[in-house]
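See structure below.
The values are calculated or read from the model by the stated rules, or taken from the named source; none is laboratory data. Keep in mind it's a predicted model, so treat the numbers as computed, not measured. Please note: Cβ atoms are built from the backbone with ideal geometry, for glycine as well, and neighbour counts cover all protein chains shown.
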Amino acid sequence: MTQAAVTVAPAGDASYPLRRGLEALLAPLAALVGAVILFSLFLLTLGQSPLDFLDLVWRGAFGSWFSLQNTLQRASPLLLTALCVALPGQLGLVIIGGEAAVVLGGLAATVAALPLVDAGPYLVLPAMAVAGAAMGGIWIGISGWLRARLGVNETIASLVLAYIGLAIFNHLVEGVLRDPASLNKPSTYGIGDDNMLDTVPWLDVHPGLPIGVLACVLCWVLIYRTSTGFAARVTGGNIRAAQLQGLPVAKLIVLACALGGACAGLAGAIEVAAEYGRANASLNAGYGYTGILIAFLARFNPLAIMPMALLLGGLGAAGGLLQRRMGLPDATVQVLEGMIFVAILTSDTLYGRFRWFQPRGN
Amino acid sequence: MRQTRSSNPGLSRRTMLTGLGLGATTGLAITPAAAKELVVGFIYVGPKDDYGYNQAHAEAAALLKKMPGVKIVEEEKVPETDDVSKTMESMIKLDGATLLFPTSFGYFDPYMLKMAAKYKNVQFRHCGGLWQKDKHPMNTGSYFGYIGMCQYLNGIAAAYATKSKKIGFIAAKPIPQVLINVNSFALGARSVDPSITTTVIFTGDWSMPVKEAEATNGLADQGIDVITCHVDGPKVIMETAERRGIFACGYHADQSKLAPKGYLTGAEWNWITVYKQFIGDEEASKPLPNFVRGGLAENFVKMSPYGPGLSAAGRKNVDQVKAEILKGGYSVFKGPMKDNKGNTVIPAGKAYPETAVELESLNYLVEGVNGAIA
């Protein structure tokens, strides 16, 4: 999965960077086409028309202003939760516990907001963002620290910590932090309508979208345009070599995990500030898990996360229309997502297969 | 404005596809249905075939599909997040729905309320929410059934089937709606034999199939020989109970197929009554009621047919109490009543029928229940 960390274009092959970019673009595209063909065969066995299906996906996800907003809305939290996987992914780590960072980030943001409700949104919202990001950063940072210091497998650690995090969340929301007025859906006290984030002007989409896009761009700059990012990619390419070079590998691991966790925690804080106004079980909506899928589809590249989040957001948005018009069960979209996932992972083997994309010259 | 703009490209795409002769069917027309047809949207939080909460609604929706002049659009597995707002909006804009039934508790606030403020000509009726006249818009409302009475009858049936005098209840969360059912089940059993104890296990969430199976096995291992539940999909619990050779009382929908030997009876929703009422009013252009509640007498809830495990004496007793309930004013919660910590929760002489608002904030387990809320 890990990309070649550092590639240097040989002298005299000026078009190589361009061809390399083209390869990175064409491989997932070919995989996407392959997955759609496979899925069409699946639909034909069910006696359904693949063309109707594609037509409805287009209409439900992108074909109208309403559909497009629906897609963007669903993609927003996924941008940040995918970063929670992609940043540690640059170091060759597989973190799958982002869900806990989302819910605990949302809870921490709510707790930070509650004493400030009368102070107004200019104080409440920054406090929520900081608290959410810090909480998420600490939670995923623990997995990084366990990996760096004790050699504990970060995948298992983050997964187990996700269960623990959700249990703590439920315990607090249904216990000490519960608003006694929330009878049949235990929730914390609200942060107040006046303190909530407005939707983006002209768009019926909450500010998670621009924040997510900004975060993706910043993370791309961090990874591909700074020495810290360079050191992280070297570590991901070959950890022994990085250690021999004297790179602070342990610090990099904890940093990448904490930054990723901060993104997911921020996603939780934004969901509370823009959508729910309080922390409750709605936060546990699987954004953290869908983020894993997107990060892998994007091959951990923060810029590629954006189109992939759009794709999955769009499939989510179209899923309802598919159920209503074609009478297909909700699981149909999951079958398609599964096929896309497998196809894109398989397409990794395409890299380097075709001469034309390879460096030329001496 | 947006609606017109958005539908045009869709139509031209369709024309193109039809031109190619590649299988666009008329059923996919994007224009909202003709004015005469009433389009009704149903939204479920889980799968439509969960043998439980969602199936109970979907079965009613399936019956409505047969009504002339009514078109039903359904969407399953919609989470209680902003996704449900988008689903409602999509049903309104793309399907032309004018009456929506979001059936899960968490859909009400803020999602349904937000959509109701935005689409004032669409009627929203929500299952389980507490609609209040001074707080919520008039194009919204809520409906629910007093199913606790059916759990009381389940308890009576359980008392006739148990040999160990120990029965069990697997519950999702210790919230009032659930606690009413746990207590009713225990009180029903104790009305037959006061020595019966009810053990309750909370799984923590509405759909936890693995924990539900573990809980069923755990209860069976303790010698408990009748169980019932309040989770979204009782399928796993019923199947596990049948495998363990113990009796079960159903909840939400008829689960007798899953446990043909051990199924005694069950507490079921009968949502078709409510939906027919709303749709009838809508078709007659009458204002829809905003706050609708009903129990056994109103046919909002019903009991499953008796299974082979329930004795003739048991059937007779359940029938008798049911007849009493149908007369109206029957109270399961009446004083003097103690909770399972020994505190008096209802003083002597006080009684709460199913309609009592006091029950909506119930927060204790009655005497004879093993378990704790917090």
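Looking only at residues in the range A:44-73 that are more than 20 Å from A:Pro307 (Cβ to Cβ) and more than 9 Å from chain B (Cβ to nearest Cβ), the one that is nearest to the chain's Cα centre (by Cα) is A:Phe53. Just a yes or no: is a residue in the range A:190-211 in a loop (DSSP other than H, G, I, E, B) and crowded, with 24+ Cβ neighbours inside 10 Å? Yes, that holds for at least one residue.
Regarding B:Lys286, is this residue without any contact (Cβ under 8 Å) to a residue 60 or more places away in the chain, among the charged types (D, E, K, R) and not in a strand (DSSP E or B)? Yes. Exactly one residue out of A:Ala82, A:Ala101, A:Ala86 is under 14 Å from the mean Cα position of the chain (by Cα), modelled with pLDDT of 95 or more, farther than 14 Å from A:Leu266 by Cβ and in a helix (DSSP H, G or I): that is A:Ala86. Residues in the range B:312-329: is at least one part of a loop (DSSP other than H, G, I, E, B), small (Gly, Ala, Ser) and at negative phi? No, every residue in the range B:312-329 fails to be part of a loop (DSSP other than H, G, I, E, B), small (Gly, Ala, Ser) and at negative phi.
Has the range A:263-270 got any residue that is touching a Phe, Trp or Tyr at 6+ places or on another chain (Cβ under 6 Å), crowded, with 21+ Cβ neighbours inside 10 Å and either of a type outside the set (D, E, K, R) or at pLDDT below 95 (or both)? No - not one qualifying residue is present in the range A:263-270. Going by the conditions given, is B:Ala171 more than 20 Å from the chain's Cα centre (by Cα) and at pLDDT 95 or above? No, not satisfied. Scanning the range A:271-293 for residues that are touching a His at 6+ places or on another chain (Cβ under 9 Å) and modelled with pLDDT under 90 returns a single hit, A:Glu275.
Could you check, for the range B:153-175, whether at least one of its residues is touching a Gly at 6+ places or on another chain (Cβ under 7 Å), more than 14 Å from chain A (Cβ to nearest Cβ) and over 21 Å from B:Ser311 (Cα atoms)? Among the residues of the range B:153-175, not one is touching a Gly at 6+ places or on another chain (Cβ under 7 Å), more than 14 Å from chain A (Cβ to nearest Cβ) and over 21 Å from B:Ser311 (Cα atoms), which makes the answer no. The set of residues in the range B:63-84 that are in a helix (DSSP H, G or I) and within 12 Å of chain A (Cβ to nearest Cβ) comprises B:Asp82, B:Asp83, B:Val84. For the range A:212-227, residues that are surrounded by fewer than 16 Cβ atoms within 10 Å (Cβ to Cβ) and either touching a residue at least 12 places away in the same chain (Cβ under 8 Å) or assigned to a helix (DSSP H, G or I) (or both) total 7. Identification of helices (runs of 4 or more DSSP H) wholly contained in the range B:111-228 with 3 or more residues that are crowded, with 21+ Cβ neighbours inside 10 Å and touching a Leu at 6+ places or on another chain (Cβ under 9 Å) yields B:148-161, B:176-192. Picking from residues in the range B:234-249 that are of a type outside the set (Val, Ile, Thr) and touching a helix residue (DSSP H, G or I) at 6+ places or on another chain (Cβ under 7 Å), the one that is farthest from B:Arg315 (Cα to Cα) is B:Arg244.
When the range B:201-245 is filtered for residues that are within 16 Å of B:Ala267 (Cβ to Cβ) and in contact (Cβ under 8 Å) with a residue 40 or more places away in the chain, the ones remaining, listed by number, are B:Val226, B:Ile227, B:Thr228, B:Cys229, B:His230, B:Val231, B:Asp232, B:Gly233, B:Pro234, B:Lys235, B:Ile237, B:Met238. Looking only at residues of the range B:101-110 that are outside any loop (DSSP other than H, G, I, E, B) and at pLDDT below 95, we find that the one that is farthest from the other protein chains (Cβ to nearest Cβ) is B:Tyr107. The requirement of being more than 9 Å from every other protein chain (Cβ to nearest Cβ), touching a Gly at 6+ places or on another chain (Cβ under 6 Å) and within 17 Å of A:Leu29 (Cα to Cα) is fulfilled nowhere in the range A:301-324; no residue meets it. Scan the range A:315-359 for residues that are surrounded by 22 or more Cβ atoms within 10 Å (Cβ to Cβ) and free of Cβ contacts under 8 Å to residues at least 12 places away in the same chain and jot them down. Answer for the range A:315-359, where residues must be surrounded by 22 or more Cβ atoms within 10 Å (Cβ to Cβ) and free of Cβ contacts under 8 Å to residues at least 12 places away in the same chain: A:Gln323, A:Arg324.
Let's see how each residue does on (1) more than 18 Å from the chain's Cα centre (by Cα); (2) under 19 Å from A:Gly60 (Cα atoms); (3) among the aromatic types (Phe, Trp, Tyr):
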position: B:Glu74; (1), (2), (3): no, yes, no
position: B:Thr81; (1), (2), (3): yes, yes, no
position: B:Glu89; (1), (2), (3): yes, yes, no
position: B:Tyr107; (1), (2), (3): no, no, yes
position: B:Leu113; (1), (2), (3): yes, no, no
position: B:Arg125; (1), (2), (3): no, no, no
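Here B:Thr98, B:Thr18, B:Thr87 are screened, and the one residue that is modelled with pLDDT of 90 or more, under 22 Å from A:Ser67 (Cβ atoms) and within 13 Å of chain A (Cβ to nearest Cβ) is B:Thr87. For the range B:262-296, how many residues are in contact with a helix residue (DSSP H, G or I) (Cβ under 9 Å, 6 or more places away or on another chain), surrounded by 17 or more Cβ atoms within 10 Å (Cβ to Cβ) and farther than 17 Å from B:Gln55 by Cα? Count: 10.
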